[in-house]
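The values are calculated or read from the model by the stated rules, or taken from the named source; none is laboratory data. Predicted, not measured: the structure shown is a model, and the values here were computed from it. Every residue, glycine among them, receives a Cβ derived from its backbone with ideal geometry; neighbour counts consider all protein chains shown. Protein only, heavy atoms only, side chains kept; ligands, DNA and RNA dropped before computing areas. Shrake-Rupley method; radii C 1.70, N 1.55, O 1.52, S 1.80 Å.
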Amino acid sequence: MGIAAIGWLGWMASRRLRAPGHTTWCFLALLAASGGALAALAPNAITFMAVAGLGAGIAFEWLPALGVGALGVVALAAATLAVSAPGVLVAEGALSVVVGLMVGASRRQYVERTFQAEQLLAERVRADAERDRATALAERNRIGREVHDVLAHSLGALSVQLDAADALLEQSDDPAKARQLVQQARRLAVQGLEETRQAVHA
């Protein structure tokens, strides 16, 4: 019973400490073999074999997991022969190991699928964030081009109006016409500023 307890405790510790696979396998093999040997004397010890199969199914792929289960069944068969216990114990032990392996493998596959789903979700969140960032950059670029166009148009028109007013002041004595050109230039500047504010606000 003490060897089975060592196997049990070692397996639990290796799971918590995330020990290397061979360490976990050795503890599970010890648990299965000691459970098989004890089951010839106390049939309830078949539970140790089932637990070892469960742990092996969770921790390993089929081949190493089957190795753990096979050790338990071989130990049970040898102990049954040694103490002349009923042969049906070997079949019960083998069945308990198979059930443990199947339940453990199912659990391992569930955990793997959950992990993959979490990875896919994280990837989707990253992709959504990247798409949102690209959309925001594209919108900023569009607004920047719009502001540039508004300013270029307004400043170009403003420059033409001021050049015309300057030329008019140099060539004639018509301050009213020059004032009208300056007022038009002022309206163009105000209009350009308003369109720029609207683009920036957007």
| Local electrostatic count at Val125 - Lys and Arg +1, Asp and Glu -1, tallied over other residues with Cβ under 12 Å | -2
| message | Please report the carbon-and-sulfur percent of the accessible area for region 80-178; probe 1.4 Å, protein heavy atoms only, DNA, RNA and ligands left out. | response | 62
| query | Using mean Cβ contacts within 10 Å as the protection proxy, how do 44-57, 101-114, 61-74 order, highest first? | reply | 44-57, 61-74, 101-114
| said: Using only the alpha carbons of region 104-199, what is the convex hull's orientation-averaged projected area in square nanometres? | reply: 6.9
| message | Report, to one decimal in Å, the Kirkwood hydrodynamic radius for the chain based on all distinct Cα pairs. | response | 23.3
| message | If I require 27 Å or longer along the helix axis, counting alpha carbons, and a Kyte-Doolittle average no lower than 1.0, what helices from the chain are left? Use full DSSP H segments. | response | 62-83
| said: Can you give me the distance in nm between label points at Val99 and Ala122, each placed 7 Å from the Cα along the Cα-to-Cβ direction? | reply: 3.7
| message | Can you order the peptides 30-41, 120-131, 155-166 by their average number of other Cβ atoms within 10 Å per residue, highest first? | response | 30-41, 155-166, 120-131
| request: Please work out the average accessible area per residue across the chain, using the 1.4 Å probe convention, and give it in Å². | output: 65
| note | With His201 itself left out, Lys, Arg at +1 and Asp, Glu at -1 over residues whose Cβ is under 15 Å from its Cβ give -1
| Accessible heavy-atom area order of Leu151, Leu28, highest first, probe of 1.4 Å | Leu151, Leu28
